[in-house]
């Protein structure tokens with residue numbers, strides 16, 4: 001699994017709408033609306049680099065209301081949980 | 001469930017050690033070592049605000065090697081997955 | 001009680017109007033118009049996380065004239081005063 | 001009443017100790033340990049400018065562990081509450 | 001006397017006009033057009049906090065061409081000169 | 001008269017001492033200890049560019065405790081007051 | 001060979017189009033669409049300073065959609081590969 | 001091939017030494033010492049994500065003299081050249 | 001001679017035109033179009049402060065296409081060359 | 001002629017010494033000690049890229065007291081003066 005976090009600044013009146021739109025996108029497992037320096041953080045969990053590239057450089061760029069986005073691609077994930085199993089079962093149709 | 005993301009800048013020679021130490025902490029479900037402006041991002045999933053406060057303002061501050069941390073507390077989580085179920089089953093002993 | 005501070009940058013000609021509008025909002029106990037890097041700081045005192053989320057991600061985003069806002073959610077409050085009592089008495093109808 | 005907010009960055013291992021030390025200081029009504037870009041925010045409520053100057057440029061500067069502080073002095077306070085009464089009753093010995 | 005410095009960024013074609021307009025305002029003793037990070041710096045010398053608040057949060061905000069302003073309120077003034085006398089004589093009608 | 005403002009960041013425990021030391025320096029008419037992004041602002045009023053250069057690039061650099069300084073040299077001064085007269089009378093011995 | 005890297009911020013809906021347009025430009029050997037603080041990074045390999053100046057200060061500035069660009073000119077290149085040979089063979093017609 | 005650019009700030013007296021050390025590392029095809037905001041930029045060309053992770057989160061962090069590094073992982077590469085062929089031939093032993 | 005450097009950010013499509021326009025201005029001896037954080041750097045060499053003020057706060061502000069400018073006034077110039085002679089001979093008509 | 005400007009931040013007590021040392025270096029035609037965001041700006045005029053690389057990445061890095069330097073290499077120079085002639089006559093021994 002290839003993981004990344006996308007830190008998003010969104011037009012003030014579109015934050016909730018963008019959050020819901022992203023959460024429906026294959027490849028995005030969860031979207032947090034957060035306090036602090038950013039508005040939203042999307043967690044991406046996809047099969048390979050091409051899926052990641054397609055999601056970030058294509059689908060995400062068509063979402064209206066995103067003012068700025070900065071993607072933090074994960075080198076490694078450290079967890080007690082078997083995230084791959086947890087998310088792959090529920091996400092066969094994922095990118 | 002109360003969620004937060006902690007954006008961490010870590011001493012260059014301690015990044016992997018800190019990642020592993022955090023991933024073992026009750027309340028931290030996963031730690032990403034990332035490319036970009038931060039070194040690590042820890043995802044916190046805990047039962048209530050007190051658990052969050054105790055984890056961030058106490059346990060996290062005792063971890064050696066963290067140079068700077070900025071916590072983004074989630075107002076809401078948007079997801080197709082039942083994250084609460086996925087993470088609570090595997091995390092009864094969580095903070 | 002859940003507390004937070006919202007640091008606000010406001011359109012130059014709307015600072016006083018926004019301050020008064022926010023000060024009337026249930027859940028906002030006081031609004032300071034300040035010198036320095038920000039224009040306004042709103043102190044939020046509400047019953048629980050949902051009230052905080054509803055106030056910040058919904059009602060605040062409908063206020064015209066706010067150019068940028070950054071919410072600092074409080075982990076803990078340290079005070080000689082019984083803030084909960086002081087503000088809950090006067091704020092039964094609060095969010 | 002003269003009001004100000006002091007945004008504080010504190011040495012990681014001293015945040016809680018500094019918060020408690022500040023909360024005991026006459027003139028400081030509450031101290032929030034916050035998530036986000038700062039570590040602590042102290043709310044100052046004092047009688048006049050001299051008390052404010054003495055607190056910020058003298059007493060605060062003797063507190064160990066504060067790395068950086070930025071004071072936002074309030075021009076005006078907007079509130080449904082009678083803050084002057086609420087805090088003056090409980091704070092006769094205040095600066 | 002209450003003193004403050006206002007650091008101003010001004011639309012390129014309005015710097016001189018804004019400087020002259022501010023210099024005529026009661027409460028503003030001098031306006032420097034400066035080289036460096038800011039365009040103008042206004043020195044405020046007024047009788048009390050209310051005059052300062054009225055000048056900065058009201059009159060200054062009606063001046064066209066000011067893109068950004070940051071007010072540095074003085075806690076104390078250190079000088080060999082008797083500034084209060086020097087500026088009060090010439091400034092009876094001051095705010 | 002050549003004017004400049006020096007924006008100073010000072011070691012926390014030396015702010016008052018540095019302010020007093022600068023206020024005694026020929027060429028510095030007043031020093032403000034301020035709230036906000038800087039600690040002190042010194043107003044320089046000297047006869048010519050050489051006096052300014054000598055004060056800023058020589059005498060100021062020998063003052064202990066100054067962490068960072070940024071000089072804003074004034075192109076022009078706009079004022080209802082005859083600042084040259086006000087400050088020259090009291091400042092014959094100035095740099 | 002004269003080398004430089006151009007760090008580009010591009011309008012969200014034009015990133016892929018700009019990448020392809022730049023990759024076709026004589027003198028640009030490769031264009032990376034990247035995660036992180038920038039959108040694209042173009043690697044320039046040209047014969048001499050004039051070709052570099054012509055490419056950056058003329059041709060690049062006519063590409064629509066580039067919001068900001070910062071050129072890092074290389075003093076030296078360190079590599080195990082004979083980059084000059086590798087890129088000159090395929091790039092006779094280069095600028 | 002997985003590509004990334006590492007933007008490096010290096011101790012002033014170690015820039016050349018670090019450049020040469022990095023250029024010898026399998027997986028790093030070239031290192032530019034640049035003018036501008038960074039000191040060095042390393043171009044990484046490796047077979048897969050694990051090689052990238054191992055190079056950046058392990059080998060690079062053992063190089064003395066690197067003060068700060070920020071990795072820009074490439075989603076896609078746009079080029080008229082067959083970079084994969086050009087660099088794979090000469091780089092069988094690569095990471 | 002009074003010297004200053006003006007660091008300029010210019011609209012992308014006007015950089016060359018602005019450079020040529022400035023280079024023709026009495027008082028500006030040379031204009032560099034540069035790689036890096038700025039677009040242009042103009043070197044000012046004029047007879048006195050008034051000429052500098054007139055050039056920067058008046059003539060320069062009428063040049064179309066300049067988005068931002070920051071003037072660095074020189075306290076002193078250190079050089080093996082007799083810059084005053086070199087530039088005054090060719091610049092009798094200078095401001 | 002290859003031109004560049006080096007923006008320098010220098011240890012407070014070494015600014016004058018560094019300025020004089022740089023001004024004696026072949027290839028550096030003048031050094032300005034400036035007001036504002038930087039301490040010194042060195043103007044480099046050398047014959048070719050190698051001389052520039054040798055000066056910036058080697059000789060400059062051995063000068064004690066320089067905390068940070070950022071080189072702006074010139075793509076083009078626009079001037080009414082024949083700078084090449086003016087500086088080459090007096091600079092035969094230049095790098």
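No lab work stands behind these numbers, since they all come straight from the coordinates. Bear in mind the structure is a predicted one, so any value in this text is a computation, not a measurement. So basically every Cβ, Gly included, is an ideal-geometry build from the backbone, and we count neighbours across all protein chains shown.
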State, as an integer percentage, the relative contact order of chain C based on alpha-carbon contacts under 8 Å between residues 6 or more apart. 40 percent
For the peptides D:63-70, E:73-80, B:3-10, what is the packing order when you average, over each peptide's residues, the other Cβ atoms within 10 Å and list the highest mean first? B:3-10, E:73-80, D:63-70
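Return the average number of partner chain Cβ atoms within 10 angstrom of each residue Cβ along peptide J:62-68.
Mean inter-chain Cβ contacts per residue within 10 Å come to 1.
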If you project the alpha carbons of region C:1-52 onto the principal axes, what extent comes out on each, in Å, largest first? 33, 20, 14
In terms of the alpha carbon gyration tensor, root eigenvalues a ≥ b ≥ c, rounded if a/c is under 1.5 and otherwise prolate when a/b exceeds b/c or oblate, the protein assembly as shown is oblate
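Counting each DSSP H run of 4 or more residues in the protein assembly as shown as -39500 (n - 2.57), what helix-only mean residue ellipticity at 222 nm follows after dividing by all residues, to the nearest 500 deg cm²/dmol?
Details: 30 runs with 220 residues, N = 950.
Dividing the helical sum by the residues of the protein assembly as shown leaves -6000 deg cm²/dmol.
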Please report which chain H residue places its beta carbon nearest the axis carrying chain H onto chain A, with the distance rounded to a whole angstrom. H:73, 2
By average C-beta atoms within 10 angstrom, highest first, the peptides J:27-33, H:12-18: J:27-33, H:12-18
Based only on the alpha carbon positions, what is the Kirkwood hydrodynamic radius of chain C, in angstrom? 13.6 Å
Which whole number gives the average, over all residues in C:17-29, of C-beta atoms from other chains lying within 10 Å of the residue C-beta? 2
Rounded to a whole number, the mean other protein chain Cβ count within 10 angstrom for residues of H:44-53 is 2
